[in-house]
């Protein structure tokens, strides 16, 4: 059984920028992460979904050689706003139905220059150093929303564009008569507005998850 850690457990890891992890994993993204990338790139979320994702917008697009499409010769081209999975690596994060959180250690790729060594700190301190907290907070919000959508069959019989607005923050805001780009909302504020729009649009305001 894979060992699980809490935020208080010790964890040490040093990344030496070999970029092998950028080839090894398919990175799933939620609307907040897409909004962060869009803000960094100066694009709309619709453009990021069309140009940089696959599997209908839920994964970052990979090149034929397996590399993330944001990987360049000198490393990640969107590193300041990279998704949560990239910030957590080499940890995986798990939550259960009680919202209890644990972490597991992933196996490094063969040839990886990453090292489980360096300054001894806790998992929580590692997360803080990676700037993971806003991403974790919004991931939990979106996961709760998706669970509610599934539990209540909210997309059954929905209009043609409803599935698209679940993933596309700017499209959802535009369909609701507002624009996050025009109003200058930051990615988190836009995403929180997006969640409220979806709850109202899909009739989930008072629904039980």
* To do: Using only the alpha-carbon atoms of the chain, report the extent along each of the three principal axes, biggest first, to the nearest angstrom.
  => 51, 40, 30
* To do: Kindly provide the helix-only [θ] at 222 nm of the chain, computed as the sum of -39,500 (n - 2.57) over DSSP H runs of four or more divided by all residues, to the nearest 500 deg cm²/dmol?
  => -11500 deg cm²/dmol
* Label region 52-165 by shape, choosing from rounded, prolate and oblate, from the square roots a ≥ b ≥ c of the eigenvalues of the Cα gyration tensor; if a/c is under 1.5 it is rounded, and otherwise prolate applies when a/b is larger than b/c, oblate when it is not. => oblate
* Structure fact -> Taking Cα atoms, the helix 187-201 axis meets the longest principal axis of the chain at an angle in degrees (rounded to 10) of 40 degrees
* What's the angle, to the nearest 10 degrees (0 to 90), between helix 31-41's Cα axis and the longest principal axis of the chain? -> 80 degrees
* Structure fact -> Computed over the chain, the relative contact order (Cα-Cα under 8 Å, seq sep at least six) in percent reads 30 percent
* Structure fact -> Highest mean packing first, using Cβ neighbours within 10 angstrom, the peptides 130-140, 67-77, 111-121, 23-33 sort as 23-33, 130-140, 67-77, 111-121
* **Cα-based helix-to-principal-axis angle, 133-151 vs the chain, degrees rounded to 10** => 50 degrees
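No value in this document is a laboratory result; all are computed from the given coordinates. Note that the structure is a prediction, hence the values are computed from the model and not measured. No Cβ is skipped: glycine too gets one built from the backbone with ideal geometry, and neighbour counts run over all protein chains shown.
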